[in-house]
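Please treat every number below as a calculation from the coordinates, not as lab data. Quick caveat, the model's predicted, so the values are computed rather than measured. Backbone-built Cβ (ideal geometry, glycine too); neighbour counts: all protein chains shown.
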Amino acid sequence: MMLELGSYKLILKIMFNGIKQFGSQGAALAKLALLQRKIAGHKTEIEEGGVKAVVTGDGKLKELFIGGENMNIAVKVINEAITKAQKYAAEEMKDSMGDLSKVLGNLPKGV
């Protein structure tokens, strides 16, 4: 079976696009890491009715004041609950994605 010149060009194009994609994926991952750090470092502060809350961009409660009193123990407990809920969600997603990847892995090529 002989391939025509156009077929070789197509094969080379596909190969080089795949190689270029590794570099662009690395750059995208670096940008994503920087963005995640920037978001995590951002603090939003709300104060209303004697309650003040400071939350980071990644959803962590940093400070809580009620009636001027620092509620450090409440901050600790709330953040622990958030972390536990996130771990649960991640496990559920991982289990579901595993099932989904089995289904997707059985699809015919090109679908």
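Annotations for the structure displayed:
- In this simple spin-label model, placing a label point 7 Å from the Cα along the Cα-to-Cβ direction at both residue 30 and residue 51 gives a separation of 4.4 nm.
- Applied to region 69-83, the Karplus parametrisation 6.51 cos²θ - 1.76 cosθ + 1.60 on θ = phi - 60° returns per-residue 3J(HN,Hα) values of 8, 6, 10, 4, 5, 5, 4, 4, 5, 4, 5, 5, 5, 4, 4 Hz, with x for Gly and Pro.
- Distant-in-sequence amide contacts of residue 62, defined by a placed amide H-H separation under 5 Å and a gap of 5 or more residues or a different chain, comprise 54, 55, 56.
- Per-residue 3J(HN,Hα) values for region 34-51, derived from phi via the Karplus relation 6.51 cos²θ - 1.76 cosθ + 1.60 with θ = phi - 60°, read 5, 5, 4, 5, 4, 5, 4, x, 6, 10, 10, 10, 10, 9, 7, x, x, 10 Hz in sequence order (x marks Gly and Pro).
- Counting lysine pairs in region 43-106 whose alpha carbons fall under 25 angstrom apart, excluding pairs fewer than 8 residues apart on the same chain, gives 22.
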